[in-house]
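A short write-up of the structure that comes next.
No lab work stands behind these numbers, since they all come straight from the coordinates. A quick note: this is a predicted structure, and the numbers were derived from the prediction, not measured. FYI the Cβ positions are ideal-geometry reconstructions off the backbone, even for glycines, and counts take in every protein chain you see.
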Amino acid sequence: MTFSTKLKEEIVNNESSKNILISELTAILRYDAIINKQNITLTFENGAIARRIYKSLKELFNVHINIIIRNQKRLRAKQIYILEIKENVMNILENLHIYQNNRFHAISEEDLKSKEQIMGFVRGIFLANGSINDPKTSGYHLEFVFMVKSDANFLNNLLHQMNFHSKVLKRNNRYMCYLKASEEISDMIRLFEAPNCLFYFEDIRIYRDHKNMLNRLNNCDIANQEKSIKTGFNQLEDIKFLKDNDLISLLDEKTLIVIKAREENPESSYQELAEIITNEYGYHIGKSGINHHFIKIKKLINNYKQK
């Protein structure tokens, strides 16, 4: 079972208020049903969603619903659930604001008057045409797919009002409204009221974030170590130049201590070198002091070369 399927099944197994059920049905019928004035046909591969829609339609409109179950063996064996409604069709469509004044009604923000209705509508869209990557995969991704760009844009505007940073993208002949940020996907699952899937998602997200942080720290440590080795090598070259040209005697005692410590510890960082000098030579010095002495050495070499 995919993570999308688990999330959808957890959503539909929760009890919901009448307002949420109406908003869910509005979205599902708009984006996942074949509709005309005499007939509504809904097709599902997920039995849990089919049961949810059947129960909601029964409770809200008390209509007879014909259920057809077909076994599909193409590619992989699975059951297809078909719900057919042939009575009180216009009453259902008008109550769900899908048909008004005997014509199709485009959804607007005025039809969703509360946060509860908005969340129910978004949840219904996810049940109808949404999907989410398993967090174990390489990337985080939650998407809603539409046939019409205006529908994708409408959802995108709703999500922006809810402080989600969703985007719309055309893919083949369809339009996708999607989220990529793991924190926002986690917030969306929380709004879907699916705690089991949320805990699973968060556990893996925390593990991956921790692993990525360790990798970044390791890479940073390696880069710093390489930088320290390169710096130490260059400073040994400068020290050799001083000795080859009898310039050592021009340096003060403390600088000579730093030179001796560097020769004995060619790969040490400035911090490590400062600790060695402080502990072994009794000369209390920090990283900036080490740097100051090597600037003095570099200046002496440059002055000598310019003569």
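Things to note:
- Here the peptides 103-113, 41-51, 292-302, 24-34 are ranked by packing, the mean other Cβ count within 10 Å, and the order with the highest first is 24-34, 41-51, 292-302, 103-113.
- Choice from Glu253, Glu87, Glu116 with maximal GNM fluctuation in the chain (Cα, 10 Å cutoff): Glu253
- Here's how it looks for Tyr99: its modeled amide H is under 5 Å from those of Glu94, His105, which are all 5 or more places away or on a different chain.
- Taking amide H positions as modeled 1.01 Å from N, with prolines and chain starts lacking one, no residue 5 or more places away or on another chain lies under 5 Å from Met162.
- Here the label points at Asn196 and Lys243, each 7 Å from Cα along the C-beta direction, are separated by 7.2 nm in the simple model.
- Mean shadow area of the chain, taken as a quarter of the surface of its Cα convex hull (nm²): 26.4 nm²
- Gain in span if fully extended, Asn279 to Lys298, counting 0.36 nm per residue against the direct Cα distance: 4.3 nm
- On full extension, the segment bounded by Ala223 and Asp252 gains 7.2 nm, given 0.36 nm per residue less the C-alpha separation.
- Placing +1 on the Cβ of every Lys and Arg and -1 on the Cβ of every Asp and Glu, with no other charges, gives the chain a dipole of roughly 1180 debye about its Cα centre.
- Taking the C-alpha atoms only, the angle from helix 182-191 to the longest principal axis of the chain is near 30 degrees.
- Reducing region 152-167 and region 228-276 to their Cα centroids gives an inter-centroid distance of 60 Å.
- Mean Cα-pair separation over length for the chain, i.e. relative contact order, pairs under 8 Å, 6 or more apart, %: 13 percent
- For region 118-259, the alpha carbon positions stretch 83, 33, 25 Å along the principal axes, listed from largest to smallest.
- Estimated distance in nm for a label pair at Glu116 and Leu60, the labels positioned 7 Å out from Cα along Cα-to-Cβ: 1.4 nm
- Among Gly289, Gly139, Gly130, residue whose mean-square fluctuation peaks in a GNM of the chain (springs only between Cα atoms under 10 Å): Gly289
- Between helix 149-161 and the chain: long-axis angle, C-alpha atoms, 0 to 90°, nearest 10: 60 degrees
- Its Cα gyration tensor gives region 248-307 an equivalent ellipsoid. The semi-axes, each the square root of 5 times an eigenvalue, are 22, 11, 10 Å from largest down.
- Cβ-defined net charge surrounding Phe61, 13 Å radius [Lys, Arg +1; Asp, Glu -1]: +1
- Degrees, to the nearest 10: 287-306 long Cα axis against longest axis of the chain: 60 degrees
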